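Asker: Next up is a structure, given as structure tokens.
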Amino acid sequence: MDRKYLWAGAAAAAVVILDQVTKYLIVAHVRMYEIITVIPGFFNVTHVRNRGAAFGMLSNMPELFRSLFFIAITLIAVVVIAVLVKKTHERLQVVAFSLIAGGAVGNVIDRLRFGEVVDFIDWYVRSYHWHTFNVADSAITIGVALLIIDMLRKPRENAPAS
């Protein structure tokens, strides 16, 4: 097996493990909707659940359809990511794809266990709160940001000469 796959799989597995351990600790020790202030005026740990996608999208879908939809999307994403990892020679892309795959799997595990995703990271400034999220969401976001950085740092093939 290609070392690249082993590394990518290990990185994705590390994301899943970190995500699931943090969610286990939240479920075991923080009551639903309980707020634990970590940095006043900036960061709380707040146990909430999300039935939908990012920012609660699709949360009004029937539960069975929603679960099947997210499982199918995750399986497709993991297969596409495996193909992309095989094709790339860029380390940054492998890291990015690993983070995205690990995050997707971490959240789908919650959907299989609970029918919803456990969220708990609550960043805010004064009264403005960003949507509560989790380690898997963070990994996906960082992975996408790394892909954008990778695209921006390469010259476009068809760009006009300056």
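Asker: Quick one: GLY56 ticks every box in (1) surrounded by 18 or more Cβ atoms within 10 Å (Cβ to Cβ); (2) at pLDDT below 90 bar one, so which box is it?
Answerer: (1)
Asker: Continuing with the same structure: Being touching a helix residue (DSSP H, G or I) at 6+ places or on another chain (Cβ under 9 Å), in a helix (DSSP H, G or I) and loosely packed, with under 14 Cβ neighbours inside 10 Å narrows it down to one residue among LEU84, LEU75; which is it?
Answerer: Being touching a helix residue (DSSP H, G or I) at 6+ places or on another chain (Cβ under 9 Å), in a helix (DSSP H, G or I) and loosely packed, with under 14 Cβ neighbours inside 10 Å holds for just one of LEU84, LEU75, which is LEU75.
Asker: Inspect region 129-141 for any residue being in a helix (DSSP H, G or I) and either at pLDDT below 95 or surrounded by fewer than 16 Cβ atoms within 10 Å (Cβ to Cβ) (or both) and give the result as yes or no.
Answerer: Checked region 129-141: at least one residue is in a helix (DSSP H, G or I) and either at pLDDT below 95 or surrounded by fewer than 16 Cβ atoms within 10 Å (Cβ to Cβ) (or both).
Asker: A follow-up question, please. I'm told PHE42 meets every condition in (1) of a type in the set (A, V, I, L, M, F, W, C); (2) farther than 13 Å from VAL105 by Cα; (3) free of Cβ contacts under 8 Å to residues at least 24 places away in the same chain; (4) exposed (fewer than 13 other Cβ atoms within 10 Å of the Cβ) except one. Can you identify the failing condition by its number?
Answerer: So the condition that PHE42 fails would be (3).
Asker: Shifting gears a bit: What pairs come out if I take residues in region 76-89 that are farther than 14 Å from VAL105 by Cα and pair them with residues that are aliphatic (A, V, I, L, M) whose C-beta lies under 6 Å away, six or more apart or interchain?
Answerer: From residues that are farther than 14 Å from VAL105 by Cα, the pairs are VAL85/ALA8; VAL85/VAL94.
Asker: Turning to a different aspect of this structure: Need pairs with beta-carbon distance below 7 Å; first residue free of Cβ contacts under 8 Å to residues at least 60 places away in the same chain and within region 101-125, second of a type in the set (S, T, N, Q); sequence gap 6+ or separate chains.
Answerer: Once the first residue is free of Cβ contacts under 8 Å to residues at least 60 places away in the same chain and sits in region 101-125, its partners that are of a type in the set (S, T, N, Q) give ALA104/THR74; VAL108/THR74; ARG111/SER67.
The values are calculated or read from the model by the stated rules, or taken from the named source; none is laboratory data. Computed from a prediction, not measured in an experiment: that's the story for all the values here. Virtual Cβ from ideal backbone geometry, glycine too; neighbours counted across all protein chains shown.
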